[in-house]
Amino acid sequence: MGYPLWAYVLVMAGVTYLIRMLPLALFQRKLRSRWIKSFLFYVPYAVLAAMTIPAALESTSSAASAALGLVVAAVLAWRGTGLLGVALAGCAAVYAAEFLLGLWR
């Protein structure tokens, strides 16, 4: 038998607080290095890509349809299409590719 639920919640609250508080405690001066500033600027995008791209490529029955949907969504996002349009076009591309691959087999 495990610990009570409140113990898990308390530990996770502490961990979350430490992750958010440590940078404030460690970096009390303003960052002057352009390299560190640019590195920290791109960290959220890199983490988002690292979490999203593998999930998108493994979400369909075929890697080819997943890659096509990802490419369509990336191109439309790059061109400035809104989130809903990107999501719908990516899904449509995956469905079309899955349908064509199903006919081919």
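Name the pairs: first residue in region 46-66 and under 17 Å from A87 (Cα atoms) and in contact (Cβ under 8 Å) with a residue 40 or more places away in the chain, second residue open to solvent by 70 Å² or more (accessible area, probe 1.4 Å) and not in a loop (DSSP other than H, G, I, E, B), Cβ to Cβ under 9 Å, at least 6 apart or on different chains? Qualifying pairs under 9 Å: none. A77 meets all of the listed conditions (1) open to solvent by less than 100 Å² (accessible area, probe 1.4 Å); (2) more than 15 Å from the chain's Cα centre (by Cα); (3) modelled with pLDDT of 85 or more but one, namely (2).
Scan region 76-105 for residues that are hydroxyl-bearing (S, T, Y) and outside any helix (DSSP H, G or I) and jot them down. If you could, list the steps in order and put the result at the bottom.
Looking only at region 76-105, we keep the residues that are hydroxyl-bearing (S, T, Y), and these are 81, 95.
Result: T81, single match.
On the stretch given as region 24-75, residues that are more than 30 Å from L100 (Cα to Cα) and outside any helix (DSSP H, G or I) total 7.
When P23, P54 are screened for being open to solvent by less than 90 Å² (accessible area, probe 1.4 Å), within 30 Å of L88 (Cα to Cα) and not hydrophobic (A, V, I, L, M, F, W, C), only P54 passes.
The values are calculated or read from the model by the stated rules, or taken from the named source; none is laboratory data. All figures in this text were calculated on a predicted structure; none of them were measured in a lab. Virtual Cβ from ideal backbone geometry, glycine too; neighbours counted across all protein chains shown. The protein model used for the area step is the full one, side chains on, heavy atoms only, and it has no ligands, DNA or RNA in it. Shrake-Rupley method; radii C 1.70, N 1.55, O 1.52, S 1.80 Å.
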